[in-house]
1. For a test of the definition: using alpha carbon positions, the gyration tensor, and the 1.5 limit on a/c, classify the range 598-691 as rounded, prolate or oblate.
2. Roughly what % antiparallel, to the nearest 5, for the DSSP beta bridges in the range 621-780?
3. Antiparallel DSSP bridges in the chain: what percent, to the nearest 5?
4. When ligands, DNA and RNA are left out and all protein chains stay put, how many square angstrom of accessible area per residue does the range 630-780 have with a 1.4 Å probe?
5. Rounded to the nearest 0.05, what FRET efficiency do VAL593 and ALA61 have when you use their Cβ-Cβ distance and R0 = 60 Å?
6. How large is the charge dipole for the chain, taken about the Cα centre, if only the Cβ atoms of Lys, Arg (+1) and Asp, Glu (-1) carry charge, to the nearest 20 debye?
7. Taking H placed 1.01 Å from N in the peptide plane, check which residues at least 5 places from ALA311 or on another chain put their amide H under 5 Å from its amide H.
8. Can you tell me the equivalent ellipsoid semi-axes for the chain? Use √(5λ) from the Cα gyration tensor, largest first, whole Å.
Amino acid sequence: MTQVIDLQDVSESDLPLVGGKAGKLGELTRQGLPVPPGFVVTTEAYQAFVDATILRSEIPAALASIQADRPETVDAASRRIRTAFEESDFPAGLRKTIADAYERYARDHSVRFSAVRSSATLEDLEGASFAGLQDTYLNVVGVDAILTGVRRCWGSLFTPRVLVYRQKKGFAHSQVRLAVLVQKMVDATVSGILFTRDPNTGENHMIVEAGWGLGEAIVGGEVTPDHYVIDGASQKIVHKQISEQKIRLVRDEAGGNRREPVPADERSVQKLSDHRLSRLVSLARLIESHYRRPMDVEWCGDRESLYIVQARPVTTIPTSTATAPTPSGTPPAASGDEEGPILRGFGASPGVATGIARILHGAAEMDKLKTGEVLVTSMTTPDMVPAMSQAAAIVTDEGGMTCHAAIVSRELGVPCVVGTREATKVITDGMEVTVDGKTGAVYKGVVVRGKPAAAAAAPAASGAGGAHVGHESVPVTATKIYVNVGVPEKAEEYARLPVSGVGLLRIEFIFTAHVREHPLALLKKGKKDELVKRLAEGIGKVCQAFHPRPVIVRTSDFKTNEYRGMPGGEEFEPVEENPMIGWRGCSRYISPVYRPAFLCELEAIHRVRTEMGLKNAMVMLPFVRNTWELEEIAEMMRAQGLRRSRDFQLYLMAEVPSTVLLARDFSKHCDGFSIGSNDLTQLVLGADRDSETLGRMGYFDERDPAVQHAIQLLLEGAHAEGRTVGICGQGPSVYPEFAEFLVREGIDSISLNADTVVSTIRTIASLEQRMKLASLRRMA
């Protein structure tokens, strides 16, 4: 039995014995690269400790006590196991083996401070990266502290987060073993990360980031690192971005870490000299040459030397790059633009399109619009979706960035400008116009802009004029990426996007595109079977295109004014002063008036899952206000054969502040949450999302600190109960910095409009790569 092994004797073939981190670092040590010395307490030592202590019975007993529908049992099992690890004494023989290895290592390498780093056997697996989930301890002094650190690392295999993650990924707890790497701690004056190939574009550039001190301050967002770009062929520095750094994290001589201010004369200087940068690049080239693929390298340096503290493959390198967008402020590059735009509004959906303007005064005039024309109207309504899907572009008088026209056009990949105030007056029917959905400008005639609509719109099938995402690769992200689907007709096209499934399929859009009549009006005519059949066909079309990836079907959430505008709707819908916070969402489902229509929605979903065999259809409930309405809805769902289980999940939209404030209570009724950033922002800030005036004044903004605090509360409460949190609102699609905030806060998934999927994936992947500096806390 091999219970300890010197790092210099480890190779990557020893992964089952030493784990992923130690395996790679041992391999690099054998190749002569500067890796801090150390030794590994192996997985066989872990198993010997478990077998010789109470843990042999405590672990299976605690795990057996976990109940899938009771998150508190996960916490209790975790505490029970980790307490047993910390309170169990090492068997005498194992303790002596580790102590002797430590004394030999400390003597041979003049070690005072060590890093105790978890090295899991289930690490860096495709689709299930466990890196960073287990503990690491820095600046550890003495054999007793080392032994304590080893026990705690082993115990970190059973934190609630890891237990839930393993369960979600389908790994049996019995499969898991953990080795512990003990390494000499480098007194780092500078640290960072390096990619041997640009992870976003795949170009032959090396990307280096560097900051003073240990990497933890960088990861925590307390400092912004320098950013260097090195040409892969010439190895010359082609770009430097030097950041000001006011604080740094350094070793505390008493043990542990401490923060200290950076001297004023060092704050804005280059953190890594050109000479050291050249040395680091040379080391990275050797690593890439050894593994024969692009690599992600973590490094640190003291005052004399540079060290490699982690290396892993870059998961995905794009095979092609997108056309660079026209720099901000660059004027249009073509004819007809000399006089400037005839209208300006909000750029609600990116892309540029030219076509004949067709002015519509309501859904009754939809037949006037021919495919490829520009739809011009005062404001779109839900029943205009069929026409919107045929339009080359959309221009409205009214609306803000989250109005109906903005939301739907982004999902359809159609350039859109809203809130122009006078489009229906300035534009005449039949006029040729060019619409720039990014800048919010509308031009008379043909104007060639820097990026045509086809390139900005959602990727389409070959021959459809879209960007062919199937021909390029995008990075893999730890954050799951989903796509919002507006109408079923787009499903096959969007299914080719690099997404994990559909995060939002609105049933109400199937009403407008497939049913085209108020559901209660159809029921009154005795056409229940027809209603269910049309809904099932629309839902099934999307589920079939994405199968086996999940499709989250959000039950209907039209407001009374929108339902009233549908054919037959006036008979059943009241006139409300403020329908945005009126009779909508779950309150409709439990009302005697709308309950029969809601039951038809549930029957259609059940039919998709049973008769069509598409088990990837899940359900999400919108505009949830109270838990008692959920209990009644759950009874209705069970009566329709929809019961929460391992293969059928129920999600809640987190839009109303009550859901956020009582997230732990609501968690008992669902499998996860999806943030509706539009409504949540509206209700937190008291700002009508459809108000053009407030929109122009800057009141409606998902990035507001109050909204972000609400999201943090939701994440904290939901994750404490083992529930996932995603987002399907407009925010991440519109504001990349908002997407970054979500990732940093630990969002589990983001569902995007199709036109922003690829660009946002690249943004998130880049951020996640930077966040990997967190593992520098485990460096030596």
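1. Details: a/c = 2.34, a/b = 1.84, b/c = 1.27.
The shape class here is prolate.
2. On the way: 1 of 12 bridges.
Expressed as a percentage, antiparallel bridges in the range 621-780 total about 10.
3. 65 percent
4. That works out to 36 Å² for each residue.
5. Working: r = 52 Å, r/R0 = 0.87.
That pair, VAL593 with ALA61, gives E of 0.70.
6. Dipole about the Cα centre, nearest 20: 1460 debye.
7. The answer is GLU298.
8. Three semi-axes, in Å: 51, 33, 21.
The values are calculated or read from the model by the stated rules, or taken from the named source; none is laboratory data. In this text the structure is predicted, and so the values were computed from the model without any measurement. Using ideal geometry, Cβ is built from the backbone for each residue, glycine included, and neighbour counts are taken over all protein chains shown. We work out accessible area using only protein heavy atoms, side chains counted, and drop any ligands, DNA or RNA first. Shrake-Rupley method; radii C 1.70, N 1.55, O 1.52, S 1.80 Å.
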